[in-house]
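The values are calculated or read from the model by the stated rules, or taken from the named source; none is laboratory data. Since the model is a prediction, treat every value here as computed from it, not as a measurement. Neighbour counts run over all protein chains shown; Cβ positions are idealised from the backbone, glycine included. When the accessible area is computed, the model is the full protein with side chains, heavy atoms only, and any ligands, DNA or RNA have been set aside. Shrake-Rupley method; radii C 1.70, N 1.55, O 1.52, S 1.80 Å.
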Amino acid sequence: MRKTTLLRPAVAGAALAGVALAALLPPAAPALANAGANATPVPQRDAAKSPLVSTEWLEKNIDSRKLRIVEVSVDPGVYERGHIPGAHNVAWHTDLVETVSRDIAGPEKFAALARRLGIDRDTTVVLYGDNNNWFAAWGAWVFAQYGLVDTVKLLDGGRKKWEAEKRPLDTRTPEVAASTFAAAPAATALRARFTDVLAVARKERNETILDIRSPDEFSGKVIAPAGVPELAVRAGHIPGSVNVPWGKAVNADGTLKSVEELRRLYAEAGIDGSKPVITSCRIGERSSHSWFVLSRVLGYPARNYDGSWTEYGNAVGVPVVNLAGTVWGGK
């Protein structure tokens, strides 16, 4: 059992250690949305099959030896101020990418990370973070390219829900035995490249580009959100794109909307799973959240374009739609 320094009340009871994820779960049962005889059953996600786990499930199973909890947050220092007990910290801008070339972490770097975290192929990994799991979803996308798909889950609601429910926090970095994880070259099926989106823009491929940036970014009113360092020298969006901001998939408490709500949300933009989707944003991180929703939650064929607008909007001679007509001012 992990030793923890808790900032909030200790976890009530420890889960059995070393048991497979499915064995840790009680049989699925409907919860009641309203009290009384006429209460409406609300289907509950089965954590063994779902790409999401609840805060309740995680607190109950927090001491399982076959579980690794990983925080991937946007803001530095959040983990150090207090994190879910047993969670390891992964920095999205150094651990999950190559720091010289612009690319995701290569096989050797990713394997070293997985070994350090004690992750094997049969380890259940729960990712979470701040900002409604923005970069935790990026982590899930990177993990998936190295074959870690069904065993990787997002904590539904992320840090926001865990803290709102006053669940325990810890300031200690856990120690785990290193694994022997080995990584083959990253799979290519989940990643779109510049040539892929350019072919869609030129109507040479029948795919949908889902731009999940804000309406002002999509229209070209602004090139990027205020204060961000990664910029393009052109405003607008890739021709043929549809715009559904990533945050529309999230409830006020940070959890994802229901499957039915998500289907309706994307169907309104013409996305129903009948043809492949490429998700895109500015540098590929927000779009990985929408990729997770489309691919892992809804089961739609989807790839993430991590080059996104900082690649496409800086390319020479490509078609661009700039509805607002904003012109780059040299800064």
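Looking at the range 163-198, which trypsin sites (Lys or Arg not before Pro) are in a loop (DSSP not H, G, I, E or B) and have at most 10 other Cβ atoms within 10 Å? All intermediate terms of the calculation are to be shown ahead of the outcome.
Working: sites: Lys166, Arg172, Arg191, Arg193; in loops: Lys166, Arg172, Arg193.
Sites meeting the loop and neighbour criteria: Lys166.
Within the range 76-163, list the trypsin sites (Lys or Arg not before Pro) lying in a DSSP loop whose Cβ has at most 14 other Cβ atoms in a 10 Å radius. Walk me through the intermediate numbers first.
On the way: sites: Arg81, Arg102, Lys109, Arg115, Arg116, Arg121, Lys153, Arg159, Lys160, Lys161; in loops: Arg81, Arg102, Arg121.
Those that pass, being in a loop and sparsely packed, are Arg81, Arg102, Arg121.
On a C-alpha basis, how far is the centre of the range 103-146 from the centre of the range 256-331 in Å? Whole number, if you could?
The two parts, judged by their Cα centres, are 21 Å apart.
Would you mind checking Lys66/Lys248; Lys66/Lys161; Lys203/Lys248; Lys203/Lys257; Lys109/Lys221; Lys49/Lys221 for any pair whose Cα atoms are more than 30 angstrom apart? Present the calculation step by step, with values, prior to reporting the outcome.
Numbers: Lys66/Lys248 33 Å; Lys66/Lys161 24 Å; Lys203/Lys248 28 Å; Lys203/Lys257 32 Å; Lys109/Lys221 39 Å; Lys49/Lys221 42 Å.
Listed pairs above 30 Å: Lys66/Lys248; Lys203/Lys257; Lys109/Lys221; Lys49/Lys221.
May I ask you to evaluate 6.51 cos²θ - 1.76 cosθ + 1.60, the Karplus curve with θ = phi - 60°, for each residue of the range 107-115 and list the ³J(HN,Hα) values in order in whole Hz, giving x for glycine and proline?
Going residue by residue, I get x, 5, 5, 5, 4, 5, 5, 4, 5 Hz, with x marking Gly and Pro.
Starting from the amide H of Leu154, placed 1.01 Å from N in the peptide plane, find each other amide H under 5 Å away whose residue is 5 or more places distant or on another chain.
It is Leu52, Val53, Leu127, by chain and number.
Just flag the GluC sites (Glu not before Pro) in the range 260-331 sitting in loop per DSSP whose Cβ has no more than 16 other Cβ atoms within 10 Å.
Details: sites: Glu260, Glu261, Glu268, Glu285, Glu311; in loops: Glu268, Glu285.
Listed in order of number, the matching sites are Glu268.
In whole percent, how big is the carbon plus sulfur part of the accessible area of the range 189-313, probe 1.4 Å, protein atoms only? Please report the intermediate quantities before stating the final value.
Working: 2420 of 4820 Å².
Carbon-and-sulfur percentage of accessible area, whole number: 50.
Pop out the ³J(HN,Hα) list for the range 148-159 in order, Karplus 6.51 cos²θ - 1.76 cosθ + 1.60 with θ = phi - 60°, rounded to Hz; leave Gly and Pro as x.
9, 10, 5, 7, 9, 10, 9, 6, 5, x, x, 4
Check Arg68: other-chain or 5+ apart residues with amide H under 5 Å from its amide H, H built from backbone geometry?
Correct list: Thr124, Val125, Val126.
State, to one decimal in nm, how far the label point of Glu108 lies from the label point of Lys248, with both points 7 Å from Cα in the Cβ direction.
My value for the distance between the label points is 4.4 nm.
Rolling a 1.4 angstrom probe over the protein heavy atoms, how many square angstrom per residue are accessible across the range 189-313? All intermediate terms of the calculation are to be shown ahead of the outcome.
Numbers: 4820 Å² over 125 residues.
Counting only protein heavy atoms, the per-residue value for the range 189-313 is 39 Å².
How large is the convex hull of the Cα atoms of the range 52-186 per residue, expressed in Å³ as a whole number? Mind dumping the intermediate values first?
Numbers: hull volume 13.2 nm³, N = 135.
So the per-residue hull volume is 98 Å³.
In debye, nearest 20, what is the charge dipole magnitude of the range 189-313 about its Cα centre with +1 on Lys and Arg Cβ and -1 on Asp and Glu Cβ, if you could check? Numbers along the way, then the final one.
Working: 17 positive and 15 negative charges, 47 e Å.
My answer is approximately 220 debye.
Once neighbouring chains are kept in place and the probe is 1.4 Å, which whole percent of the accessible area of the range 89-177 is contributed by carbon and sulfur? Don't jump to the answer; show the numbers that get you there.
Values: 1760 of 3480 Å².
Solvent-exposed carbon and sulfur of the range 89-177 make up 50 percent of the total.
To the nearest 20 Debye, how big is the dipole of the range 143-247 about its Cα centre, given +1 on the beta carbon of each Lys and Arg and -1 on that of each Asp and Glu? Don't skip to the end; give the middle numbers.
Values: 15 positive and 13 negative charges, 26 e Å.
Here the range 143-247 has a charge dipole of around 120 debye.
Rounded, prolate or oblate: which one fits the range 189-313, using the alpha carbon gyration tensor with axes a ≥ b ≥ c (rounded when a/c is under 1.5, else prolate when a/b beats b/c, else oblate)?
Details: a/c = 1.78, a/b = 1.19, b/c = 1.49.
Oblate shape, in that a/c is at least 1.5 and b/c is the bigger or equal ratio.
Output ³J(HN,Hα) for the range 53-61: one whole-Hz value per residue in order, computed from phi by the Karplus curve 6.51 cos²θ - 1.76 cosθ + 1.60 with θ = phi - 60°, and x for Gly and Pro.
Calculated HN-Hα couplings, in order: 10, 8, 5, 4, 4, 5, 5, 5, 9 Hz.
What is the extension gain from Glu261 to Asp216, computed as 0.36 nm multiplied by their sequence separation minus the C-alpha to C-alpha distance, in nm to one decimal?
Numbers: separation 45, 0.36 × 45 = 16.20 nm, distance 2.41 nm.
Once the chain is fully extended between Glu261 and Asp216, it gains 13.8 nm.
For the range 52-186, what does the accessible surface come to per residue with a 1.4 Å probe? Please give it in Å².
Values: 5230 Å² over 135 residues.
Per-residue value: 39 Å².
With every protein chain present, what accessible area does Thr188 have (1.4 Å probe, heavy atoms only), rounded to the nearest 10 Å²?
110 Å²
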